[in-house]
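The next block holds one structure in the form of structure tokens; read it before the comments.
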Amino acid sequence: MPEVKTSQMLLIDRLYAGEMPSKEEFVQLLSCHSREDSEYLFKLARQVRENIYGKDVYIRGLVEFTNYCRNNCYYCGIRRGNRNLCRYRLYDSEIYNCCDEGYSLGFRTFVLQGGEDMYFTRERLCAIIENIKKKHPDCAVTLSVGERDYKDYLAWYESGADRYLLRHETATEEHYNKLHPGEMSLSHRKECLLQLKEIGYQTGAGFMAGSPYQTLECIAEDLYFLHELKPHMVGIGPFISQKDTPFAGKENGTLEQTLFLLGITRLMLPYVLLPATTALGTIAPEGREMGLLAGANVVMPNLSPAGAREKYCLYDNKLSTGGESAQCIQLLRESIEKTGGRMVTGRGDCKLLQDL
Ligand code: SAH
């Protein structure tokens, strides 16, 4: 450790002490930091994580059960306007088979993710959730199916869903409107997040690092939004362009910035469940491991049937094999252990829920 701390390190110390830097200070920190500053951040982030979660890293089995979507987000490969995509939705029995297989592999959380596919009505999803919970009462069910009615959210919660992932994508209105067509709005997305929290879900928000038109001021807003919302989970992964979207050929987010944001998020929200995302593993060979070393404590390998994986192409070259595949759990265990972590099979709920 250097004798004299840099101004960046002093800002990081303040975050560690539970203080929120101003937005200007965040911009400053994000725009200019050395490798030593990052290492300093990651070290504190690991410390904070360890104080709360020890060496535990939680695993979630991701079931991508439909790539139909009514939305047309400019960045996303499964947007409704993508005519090059072969659409699929899993039969209920296929979803159950994924969960059964995941269960025997050791997974105790299943994440049902999909596009906003209205085929999956309130009632259909209720039945699916109930059946999974009946068969695996010791498991958590996480939903990630976008913006739906309050009554849908409530009914799914009452059917047994435990958690909900809905990234806010960006907390800046102007930026939101550059990522989404006019029929979508940031205010509605935020409203959904508040509803989910109020209903009682362990709720996840988040955003992409390096999405088109994102400025450092946007990121500072995102950090403030997260600090205010205090979600139980935060998903942050790099933007990766997808060839059949309006953002084809746009520059990808970077490993470096994503890791830095993971570290900041861990300091800002010590109890947060923070995945080292598939997107992070996709932009760099050891990306996921580096995410864990920057303060992440969750990994979400893919449990979807082989045929579905390539069709759930949110972005180009998305990994779904090797350590990203639930079937390769031994590989995953080794890569977690390489970072000093311990792979835990168990629900892996957010600690100190009552404080959030
Ligand atoms: N329909 C659900 C699930 C969306 S997919 C919902 O609306 O929440 C899950 C996440 O993938 C999105 O929230 C988005 O942040 C991310 N994603 C989509 N396209 C991406 C891309 N091109 N690069 C990186 N992440 C992307």
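Since every read-out is calculated from the coordinates, none of them should be taken as a lab result. On a predicted model such as this, the values are computed, not experimentally measured, just so you know. Heads up, the Cβs are rebuilt from the backbone with ideal geometry, glycines too, and the neighbour counts pull from every protein chain shown.
Tabulated data
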item: Mean Cβ count within 10 Å, highest first, over the residues of peptides 170-183, 195-208; result: 195-208, 170-183
item: Computed E for GLN327/LYS243 - FRET, C-beta separation, R0 25 angstrom, nearest 0.05; result: 0.35
item: Burial order of peptide ranges 51-63, 268-280 (average beta-carbon count within 10 Å, highest first); result: 268-280, 51-63
item: Selection from CYS86, THR345, THR282, by position along the positive dipole direction of the chain (Cβ); result: CYS86
item: Inter-probe distance in nm under a simple model that places probes 7 Å from Cα toward Cβ, at GLU173 and LYS311; result: 4.0
item: Anchor LYS5: lysines whose Cα lies under 26 Å away (excluding residues fewer than 8 positions away in-chain); result: LYS23, LYS43
item: Estimated inter-spin distance, TYR224 and SER93, nm [label 7 Å along Cα→Cβ]; result: 5.4
item: Total charge dipole magnitude, the stretch 224-356, about the Cα centre, Cβ charges on Lys, Arg, Asp, Glu only, Debye to nearest 20; result: 240
item: Modelled FRET efficiency - R0 35 Å, ILE52 with LYS134, Cβ distances, 0.05 increments; result: 0.65
item: Cβ charges +1 (Lys, Arg) and -1 (Asp, Glu), total dipole of the stretch 294-356, debye; result: 100
item: Residue-span extension gain [LYS351 to TYR150] - 0.36 nm each, minus C-alpha spacing; result: 69.7 nm
item: Antiparallel DSSP beta bridges within the chain, percent to nearest 5; result: 5
item: Relative contact order %, the chain, counting alpha carbon pairs below 8 Å whose residues are six or more apart; result: 24
item: Potential lengthening between ALA17 and ARG342 on full extension [0.36 nm per residue; Cα-Cα distance subtracted]; result: 114.3 nm
item: Listed residue (GLY54, TYR40, SER144) projecting farthest to the positive dipole end of the stretch 1-150, Cβ model; result: SER144
item: Label-point separation, ARG83 to LEU10 (7 Å along Cα→Cβ), nm; result: 5.9
